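Okay, so here's the structure we're looking at.
Readers should treat all values here as calculations from the given coordinates under stated rules, not as data from a laboratory. Here the structure is a predicted model, which means the values were calculated and not measured. Glycine also receives a Cβ, built like all others from the backbone with ideal geometry; neighbour counts cover every protein chain displayed.
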Amino acid sequence: MKEEHLPEHKVLIIGGGPGGYETAIRLNQYGIDCAVLEMERLGGVCLNWGCIPTKALVKSSELFTEIKNAAEYGLPPVDPELDYARVFARKNAVVEQLVSGVEHLFRKRAIPVLREKAISVSALDKGYEVHTEAGTSIRAEYLVLATGSVPKELPGVKIDEVNVLSSTGILALETLPQSLAIVGGGVIGCEFASIMNSFGVQTTIIEFLPRILALEDEEIGKRLTLALKKSGIKIVTGVGVENVLQTATGNELTLSDGSKMTVDKVLLSVGRVPRCDLDWQSGAPKTERGAVTIDTFMRSSLPGVYAIGDLTAKLPLAHTASKQGMTVAAHIRALSEGRECTAPALDYANIPRCTFTHPELASVGYTETEAREKFGAVKVGKFPYSANGKALTMSGTYGLVKTIAREDDDSLVGMHILGLNAAELIAQGALLLSLGAKANVAEKVTFAHPTLSETIKESLEDLHNLAINKI
């Protein structure tokens, strides 16, 4: 018999990040009762301490750089002075507006949000009971785990958010350091390197692997490396950081090659690890290297328990979590209606990846190396920004679009963009790959002129050596 004092829902979502809150809204749209358990504010890391505040800083840094280069556009030379307090305030205002907007959506739809931390889960005859740190118990037929991830640390390098910062810590700095060492040359490290360098901070990236952005196409990554170095960022690869020692002059880093360097602040950005510290009193879902294992419908090994987002270690991006959440909602809806779920399996290779550096880097599908390993012979089409009229008018001629197709059937399997608005343009590549387009797809589409999108058209045409404006 149900205990009336326990809140009960069809679905309980643990975690209110992009995956969690969008899943809740979609379930609500389907008419399925749900609630969200979130110990902080809705939006998770992405809206509150990650994607959104970082992109607010990216815009400020880009505009600051453009103003300093006003003479390139025929305007009077300007020597602006950075007021970081105002930049910081704008970042916070952007975050507040977006998070408040999400909270408004939940109030409007009457979706319950419990601002508590889940600590344990016990199984019932039908469903589960989740217990919180505050002593609340919530029953639900289905659980959706969307607890995200936390920054990874290194032996000898511990995050204290004072001297050694995580991405959250660096976003909380109200004043800029004079110098910054970034340990880790992945997406987060490279983005903050671009931001801080644009604001005048002496910035060094230290990457243990032979190159930064090691998961991206090697050619594109090398070109970005050149651009970052040209902008003044120092990049050290093939070297690890053994420890960080606080001294009277700053933070002294000892590197694996025996060298030392001293900086005001250190950003540790060597990746993130899944976070799920729940006590499963009746047996936990299966995991692999800390990540919950899932099937194509995001189901864990426990009946009625789903997992999405960084917790699954499936291309840990906010939009991955959101897309996984849509699959969960579709599956629960199908179960509620007594039918099979027709939601297509999520193809993780065709999820776009974006790095908001100066210039931007974005990609979808396989790198050239991966494509050759998987498909054998491939075709590669390239088109430079320098031959694009719109890029020239915007003084953004550094970069290129690189498209990859299978040799045997002309199917598009990869697109990589380095340059202005790459993160916006890559949506075209994601659409083409997801729809199974062939290399000749540009014959069927008319691209507007003058636009940056024409770089995609000519890259596609170059797969058959038919690019009009390629020199």
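When the distances between all Cα atoms of the stretch 218-358 are binned every 10 Å from zero, what whole-number percent does each bin get?
In whole percents, the pair-distance histogram is 9, 25, 25, 21, 14, 5, 1.
Go through the stretch 216-233 residue by residue and turn each phi into a ³J(HN,Hα) via Karplus (6.51, -1.76, 1.60, θ = phi - 60°); whole Hz please, and just put x for glycine and proline.
Computed from phi, the couplings for the stretch 216-233 are 8, 3, 4, 4, 5, x, 5, 5, 5, 4, 4, 5, 5, 5, 5, 6, x, 7 Hz.
Which order do 288, 368, 22 fall in if you start with the one that has the fewest other Cβ atoms within 10 Å?
On the way: 288 10, 368 18, 22 24.
Going from least to most buried by this count: 288, 368, 22.
Pairs to check: 158/323; 222/323; 379/457; 229/379. Give those whose C-alpha atoms are more than 26 Å from each other in this structure. Intermediate results must be reported in sequence, preceding the final value.
Numbers: 158/323 33 Å; 222/323 31 Å; 379/457 15 Å; 229/379 30 Å.
Flagged as over cut-off: 158/323; 222/323; 229/379.
Which whole-Hz ³J(HN,Hα) couplings does the stretch 44-50 yield from phi under the Karplus relation 6.51 cos²θ - 1.76 cosθ + 1.60, θ = phi - 60°, glycine and proline marked x?
x, 4, 4, 6, 8, 9, x
Report the gain in length on full extension from residue 134 to residue 411: 0.36 nm times residue separation, minus Cα-Cα distance, nm rounded to one decimal.
Details: separation 277, 0.36 × 277 = 99.72 nm, distance 5.42 nm.
Taking 0.36 nm per residue and subtracting the Cα distance, the gain is 94.3 nm.
Please give me the summed charge of the neighbours of residue 316: other residues whose Cβ is under 12 Å from its Cβ, Lys and Arg +1, Asp and Glu -1. The partial results should precede the final answer.
Details: positive: 152, 272, 275, 314, 353; negative: 310.
Taking every Cβ under 12 Å from that of residue 316, the sum is +4.
Restricting the count to DSSP beta bridges whose residues both fall in the stretch 9-149, what percent are antiparallel, rounded to a multiple of 5?
Numbers: 9 of 20 bridges.
Here the share of antiparallel DSSP bridges comes out near 45 percent.
The stretch 18-38 to the stretch 157-220: how many Å between their Cα centroids?
Their Cα centres are 34 Å away from one another.
How much of the DSSP bridge set in the stretch 164-270 is antiparallel, in percent, rounded to the nearest 5? Walk me through the numbers on the way to the answer.
On the way: 10 of 25 bridges.
Around 40 percent antiparallel, to the nearest 5.
May I ask for the net charge around residue 181, where only other residues with Cβ less than 12 Å from the Cβ of residue 181 are counted and Lys, Arg are +1 while Asp, Glu are -1?
Working: positive: 234, 260, 265; negative: 207, 252, 264.
Here the count lands on 0.
In terms of Cα to Cα distance under 21 Å, which lysines are near enough to residue 117, apart from those fewer than 8 places away along the same chain?
Cα-Cα hits under 21 Å: 10.
Cysteines of the chain lacking any other cysteine beta carbon under 4.7 Å?
34, 190, 276, 341, 354
Under a straight-distance cross-link criterion of Cα-Cα below 13 Å, which aspartates and glutamates are reachable from residue 68, leaving out those fewer than 8 residues away in the same chain?
Here the aspartates and glutamates satisfying the reach criterion relative to residue 68 are 79, 81.
Considering only DSSP beta bridges whose two residues both sit in the chain, what percent are antiparallel, to the nearest 5?
Working: 48 of 80 bridges.
Here the antiparallel bridges make up roughly 60 percent for the chain.
Beyond 25 Å, what percent of the Cα pairs of the stretch 359-462 remain? Don't skip to the end; give the middle numbers.
On the way: 735 of 5356 pairs.
Every Cα pair in the stretch 359-462 considered, those over 25 Å come to 14 percent.
Among 340, 370, 360, which comes first, then next, by fewest other beta-carbon atoms within 10 Å? List each step's numbers first, then the result.
Values: 340 9, 370 17, 360 25.
Sorted ascending by nearby Cβ count, the order is 340, 370, 360.
I'd like the FRET efficiency for residue 66 and residue 209, computed as 1/(1 + (r/R0)^6) with the beta carbon distance as r and R0 of 22 Å, rounded to 0.05.
Values: r = 32 Å, r/R0 = 1.47.
The formula returns an efficiency of 0.10 here.
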